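Engineer: Quick one: the structure is below, and I'll ask about it shortly.
The values are calculated or read from the model by the stated rules, or taken from the named source; none is laboratory data. No experiment lies behind these values; they were computed from the predicted model shown. For neighbour counting, all protein chains shown are included, and Cβ atoms are generated from backbone atoms with ideal geometry for every residue, glycine included.
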Amino acid sequence: MKKSYYQPEDLKKFGSIAEWNEDLGEKFFDYYNSVFEEGSLSKREKSLIALAVSHVLQCPYCIDSYTKDCLQRGIVKEDMMEAVHVGAAIKAGAALVHGVQMMNRHDQLSM
């Protein structure tokens, strides 16, 4: 049976990315951890945003990680799915708004 390109056990190795460039790895993790601290947005809100972005970027590692994070924060499945729909709507809108570029180009070429 063929293995998937994405291996769930690889998520546990995320912290090891700093091994090949310690300076940049540390800077990234300092930044990453700072971003998810309580601020103007709650950790709960940040977890939902991260879950939605994970789906838009289609990162299975992030989806696994932030689904777990949401559950640990007591976020219910309905709120998680609503966040995913928000991300999907923005992604769809971004694709569709580029249709204006196509419409403009069509009009230029059809003159």
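Engineer: Give the residues of segment 73-98 that are closer than 25 Å to E37 by Cα, exposed (fewer than 10 other Cβ atoms within 10 Å of the Cβ) and either modelled with pLDDT under 95 or of a type in the set (D, E) (or both), sorted by residue number.
Structural biologist: Once the filter is applied, which keeps residues that are closer than 25 Å to E37 by Cα, exposed (fewer than 10 other Cβ atoms within 10 Å of the Cβ) and either modelled with pLDDT under 95 or of a type in the set (D, E) (or both), segment 73-98 yields only E78.
Engineer: Scanning for something within 15 Å of the chain's Cα centre (by Cα), modelled with pLDDT of 95 or more and aliphatic (A, V, I, L, M), does segment 10-32 turn up at least one residue?
Structural biologist: Checking segment 10-32: not a single residue is within 15 Å of the chain's Cα centre (by Cα), modelled with pLDDT of 95 or more and aliphatic (A, V, I, L, M).
Engineer: Which one of F14, F36, F29 is in contact with a Lys or Arg (Cβ under 7 Å, 6 or more places away or on another chain) and under 19 Å from I63 (Cα atoms)? Steps first, please.
Structural biologist: Values: F14 fails: in contact with a Lys or Arg (Cβ under 7 Å, 6 or more places away or on another chain); F29 fails: in contact with a Lys or Arg (Cβ under 7 Å, 6 or more places away or on another chain).
Going through F14, F36, F29 in turn, the sole match is F36.
Engineer: What pairs come out if I take residues in segment 42-60 that are over 20 Å from G74 (Cα atoms) and pair them with residues that are exposed (fewer than 15 other Cβ atoms within 10 Å of the Cβ) and modelled with pLDDT under 95 whose C-beta lies under 7 Å away, six or more apart or interchain?
Structural biologist: Cβ pairs passing all conditions: P60/Y6.
Engineer: Do you know which residues across segment 18-41 are within 17 Å of R73 (Cα to Cα) and of a type in the set (S, T, Y)?
Structural biologist: The answer is none; no residue qualifies.
Engineer: While we're here: Which residue pairs have Cβ atoms under 6 Å apart, sit 6 or more places apart or on different chains, and have a first residue in segment 10-37 that is under 20 Å from L48 (Cα atoms) and a second that is of a type in the set (K, R)?
Structural biologist: If the second residue must be of a type in the set (K, R), the pairs left are F36/K46.
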